[in-house]
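Accompanying notes for the structure given below.
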Amino acid sequence: MGEISVGILGIGSYVPEKIVTNLELEQKIDTTDKWIVERTGIRERRVINQGQATSDLATKAAEKALKDARVTAEEIDLIIVGTVTPDMIFPSVACLVQQNIKAVNAAAFDLTAVCSGFIYGIATANAFIKAGTYKKILVIGAEALSTITNWEDRNTAILFGDGAGAVVLGEVSPGYGIIGLDLGAEGSGGHLLNVPGGGSRMPVTTESISQGLHFIHMDGNEVFKFAIKIMGETVNKALANAKLSQEDINCLVPHQANLRIIQSAAKRLGLPLEKVVINLDKYGNTSAASIPLALDEGVKSGRIKNGDVIAIVGFGGGLTWGAGIIRWGK
Ligand code: COA
């Protein structure tokens, strides 16, 4: 018997209603809409209202993905949520979603790979299904980055937003689904992008809060250089894993961090921008949610069609990165 083919049975996404435009940021910090659009491509982002949390977004995305897949919550064997903004330290967002959607037969855990969280989740779920351990897995990327963003710091406040995307993974026809993967990490670069406070190294104190250590800290230029180098490299490794080459890619769905990073990756991969899904103008960088949000848009808009070869690629804190090659369809 040949190996099981694992693919996406259904997809859904959700963003909170509240929009924060660049013009609104202009009123609060020393920046301009022009600078933000030119340097990042971002025009607005979504943020949660008080009282909302990551699991609320994740639950809505999960419900849509289940409906799209025509799979019931009881059929789900495992829920994996990529997130760095859980509702609380524990229980996990995955357990909160399990309760909300009544996936009573599912195991559940969160996974920390920052903006690569969705790709790490897909790779983990793929291995569980290929091994025969589980049949149907919900993989969710969900974040409320607005809650760890210092809205007075112009280096970071312009970049991030909130949202969630989810997929149901399961067996698909031979030749379809996930056909190549690459994951990587470089812990030596962890200090370039982190939230230093609030963990066991530096528990929350009034002092840690007054120093803003519970917010995202970032060396933007170093992260930019890393991103430009790694995006092409990891896609090429995933392509080699799939025994395909750059010309075979019909559509690139990259992590939505900065338009200039996406343009550079497309160039390195020899892809015209028409083959790239870009929606960061509307949502900014939503970390683990950004790839499934873009993938959902690509599919629902009809840009991604049955049989297409899709490359998904992300990078983020850790440092971490990853890419997947998927032949779209069931
Ligand atoms: N508004 C206006 N001016 C700003 C600004 C802002 N929000 N932020 C920085 N500037 C200024 C700087 O002070 C600097 O001024 P100077 O030349 O007088 O010193 C100038 O703009 C250029 O700053 P620089 O940091 O070199 O800009 P950049 O083109 O590298 O863009 C980032 C900054 C953060 C947008 C870019 O480095 C980036 O996107 N990095 C990757 C971040 C990322 O993807 N993080 C998440 C990873 S998952």
Q: Would you point out the residue of the stretch 34-49, among those that are near the ligand (Cβ under 10 Å from one of its atoms) and of a type outside the set (A, V, I, L, M), that is surrounded by the most Cβ atoms within 10 Å (Cβ to Cβ)?
A: 40
Q: Taking residue 197 as the residue in question, decide whether it is among the small types (Gly, Ala, Ser), away from the ligand (no atom under 13 Å from the Cβ), assigned by TED's automatic domain parsing to the domain that holds residue 317 and in a loop (DSSP other than H, G, I, E, B).
A: yes
Q: Please identify the pairs in which a residue from the stretch 3-16 that is polar (S, T, N, Q) has its Cβ atom under 6 Å from the Cβ atom of a residue that is in a strand (DSSP E or B), counting only partners at least 6 apart or on another chain.
A: 5/172; 5/177; 13/165
Q. Regarding residue 131, is this residue away from the ligand (no atom under 16 Å from the Cβ), of a type in the set (Gly, Ala, Ser) and loosely packed, with under 14 Cβ neighbours inside 10 Å?
A. yes
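Residues checked against (1) over 17 Å from residue 108 (Cβ atoms); (2) of a type in the set (Lys, Arg):
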position: 30; (1), (2): yes, no
position: 34; (1), (2): yes, yes
position: 43; (1), (2): yes, yes
position: 53; (1), (2): no, no
position: 58; (1), (2): no, no
position: 65; (1), (2): no, no
position: 81; (1), (2): no, no
position: 90; (1), (2): no, no
position: 94; (1), (2): no, no
Q.
I'm trying to understand the selection: among the residues of the stretch 60-83, which are crowded, with 23+ Cβ neighbours inside 10 Å and closer than 28 Å to residue 214 by Cα?
A. 61, 79, 80, 81, 82, 83
Q: Give the stretch 134-156 a look and list any residue that's within 30 Å of residue 25 (Cα to Cα) and buried (at least 20 other Cβ atoms within 10 Å of the Cβ), or say none.
A: 140, 141, 142, 143, 144, 145, 146, 149, 156
**Q.** Residues that are surrounded by 14 or more Cβ atoms within 10 Å (Cβ to Cβ), over 21 Å from the mean Cα position of the chain (by Cα) and within 22 Å of residue 141 (Cα to Cα), drawn from the stretch 199-218
**A.** 214
Q) Going by the structure shown, is residue 270 surrounded by fewer than 23 Cβ atoms within 10 Å (Cβ to Cβ) and more than 16 Å from residue 234 (Cα to Cα)? A) no
**Q.** For residue 282: the one exception among (1) in contact with a helix residue (DSSP H, G or I) (Cβ under 6 Å, 6 or more places away or on another chain); (2) buried (at least 16 other Cβ atoms within 10 Å of the Cβ)
**A.** (1)
Q. If we only count helices (runs of 4 or more DSSP H) wholly inside the stretch 22-107, which ones have 3 or more residues that are under 24 Å from residue 279 (Cα atoms), touching a strand residue (DSSP E or B) at 6+ places or on another chain (Cβ under 6 Å) and at pLDDT 95 or above?
A. 54-69
(Q) Return the pair list, or none, for Cβ contacts closer than 9 Å from residues in the stretch 302-323 that are farther than 16 Å from residue 277 by Cα to residues that are basic (Lys, Arg) and surrounded by fewer than 23 Cβ atoms within 10 Å (Cβ to Cβ), at least 6 apart or on different chains. (A) 306/330
(Q) Being outside the structural domain of residue 89 (by TED's automatic domain parsing), surrounded by 15 or more Cβ atoms within 10 Å (Cβ to Cβ) and free of Cβ contacts under 8 Å to residues at least 60 places away in the same chain narrows it down to one residue among 241, 221, 236; which is it? (A) 236
Q. From 101, 76, 19, which residue is in contact with a helix residue (DSSP H, G or I) (Cβ under 7 Å, 6 or more places away or on another chain) and β-branched (Val, Ile, Thr)?
A. 101
Q) Counting only residues that are farther than 21 Å from residue 246 by Cα, away from the ligand (no atom under 16 Å from the Cβ) and not basic (Lys, Arg), which one in the stretch 299-330 is nearest to the chain's Cα centre (by Cα)? A) 301
Q: Would you confirm whether any residue within the stretch 205-215 is at pLDDT 95 or above, outside any helix (DSSP H, G or I) and in contact with a strand residue (DSSP E or B) (Cβ under 6 Å, 6 or more places away or on another chain)?
A: no
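The values are calculated or read from the model by the stated rules, or taken from the named source; none is laboratory data. Keep in mind that this is a model prediction, so the values were computed, not measured. Because the Cβ atoms are built from the backbone with ideal geometry, glycine has one as well, and the counts that use them run over all protein chains shown.
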